[in-house]
Amino acid sequence: MGSLEGKVAIVTGASRGIGAAIVRKFAAEGATVVACARSIESCEGAAMCQKVDVSDSAQVDACVKATIERFGRVDVLVNNAGITRDGLLMRMSDADWDQVLDINLKGTFLFSRAVARPMMKNKRADGTSAGGSIVNITSVVGITGNAGQANYTASKGGVIALTKTVAKELGSRNVRCNAVAPGFIESKMTEGLPEDLKKAYMEKIPLRRFGQVDDIARAVAWLASDESAYVTGQVLSVNGGMV
Ligand code: NAP
């Protein structure tokens, strides 16, 4: 039996990269998965795809409602949708700041708020609380900071603080909230980076390889499952030893 058997999960940013890998892993572990992104037609392993902009509260609420109408509950939320708009602080536009904060941080808040009540009400067959698990994807640079990423690092540092607060607010109702902080993972987000920058990153990674999307999906699946039942408010770094 898979570690997520019987669970209904929503995964944001599921059209490619880390999110798509999380959907495949969750499906392999037995979960019923709702895959979300702004543009998504199909997604391997998903029971339902939803076009959702995570920064729009009406769309977020509608997605959670549609999930509960179709599958009866939501046990797991993975806030994975994220973007970068890199640039030095002095040249960063208001629009680049706002867009990154709206998607990476506000989107995580909106989806967490939307699932909180349904998760608190979840019951097991014997009537005891089943609660839920929220897993937020932050980043190594949300811990360390990074030149050229004021907007992105602020959003990811905010996600870490939000994770700890949600864990404190919802813990008594058996809803857990943790974050995964990936290091350098090979995906569309990183493929365009200059080779000299990639080389500099590689030199800082003790395991001497870039991470793969499946490295992140396995960590997320553990935090989503009951195998991590006594873990909440934590940040799990998956970065090859980089930090
Ligand atoms: P990616 O390949 O660029 O995928 C990003 C996903 O987010 C896509 O599915 C995209 O789909 C979705 N998305 C973007 N804006 C959205 C919005 N407003 N509403 C809904 N979905 C949205 O990136 P990735 O590398 O897989 O990154 C996934 C997460 O890991 C992000 O939070 C990123 O910050 C984090 N991360 C990545 C790395 C890395 O090295 N790759 C390292 C640390 C952390 P649409 O464009 O169709 O909406």
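The values are calculated or read from the model by the stated rules, or taken from the named source; none is laboratory data. Just so it is clear, the model here is predicted, and its values are computed rather than measured. Cβ sites come from the backbone with ideal geometry, for glycine too, and all protein chains shown count toward neighbours.
Which one of VAL33, VAL23 is within 13 Å of the ligand (Cβ to nearest atom), surrounded by 21 or more Cβ atoms within 10 Å (Cβ to Cβ), of a type in the set (Val, Ile, Thr) and modelled with pLDDT of 95 or more?
Of VAL33, VAL23, the one residue that is within 13 Å of the ligand (Cβ to nearest atom), surrounded by 21 or more Cβ atoms within 10 Å (Cβ to Cβ), of a type in the set (Val, Ile, Thr) and modelled with pLDDT of 95 or more is VAL23.
All but one of (1) within 30 Å of THR128 (Cβ to Cβ); (2) in a helix (DSSP H, G or I) hold for THR232; which doesn't?
Looking at each condition in turn, THR232 falls short on (2).
Condition test on SER187, is it within 12 Å of the ligand (Cβ to nearest atom) and surrounded by fewer than 22 Cβ atoms within 10 Å (Cβ to Cβ)?
So SER187 fits the description; yes.
For GLY171, which of the numbered conditions (1) of a type outside the set (Asp, Glu); (2) surrounded by fewer than 22 Cβ atoms within 10 Å (Cβ to Cβ); (3) more than 24 Å from ARG218 (Cα to Cα) fails to hold?
Going through the list (1) of a type outside the set (Asp, Glu); (2) surrounded by fewer than 22 Cβ atoms within 10 Å (Cβ to Cβ); (3) more than 24 Å from ARG218 (Cα to Cα), GLY171 breaks only (3).
Collect the residues in region 39-79 that are in contact (Cβ under 8 Å) with a residue 40 or more places away in the chain and among the hydroxyl-bearing types (Ser, Thr, Tyr), keeping them in residue-number order.
The answer is SER55, SER57, THR67.
When you go through GLY107, GLY142 one by one, which is the residue that is within 15 Å of the chain's Cα centre (by Cα), within 13 Å of the ligand (Cβ to nearest atom), over 18 Å from SER57 (Cα atoms) and assigned to a helix (DSSP H, G or I)?
Among GLY107, GLY142, only GLY142 is within 15 Å of the chain's Cα centre (by Cα), within 13 Å of the ligand (Cβ to nearest atom), over 18 Å from SER57 (Cα atoms) and assigned to a helix (DSSP H, G or I).
From ARG38, ARG117, grab the single residue that is modelled with pLDDT of 95 or more and away from the ligand (no atom under 16 Å from the Cβ).
Going through ARG38, ARG117 in turn, just one is modelled with pLDDT of 95 or more and away from the ligand (no atom under 16 Å from the Cβ): ARG117.
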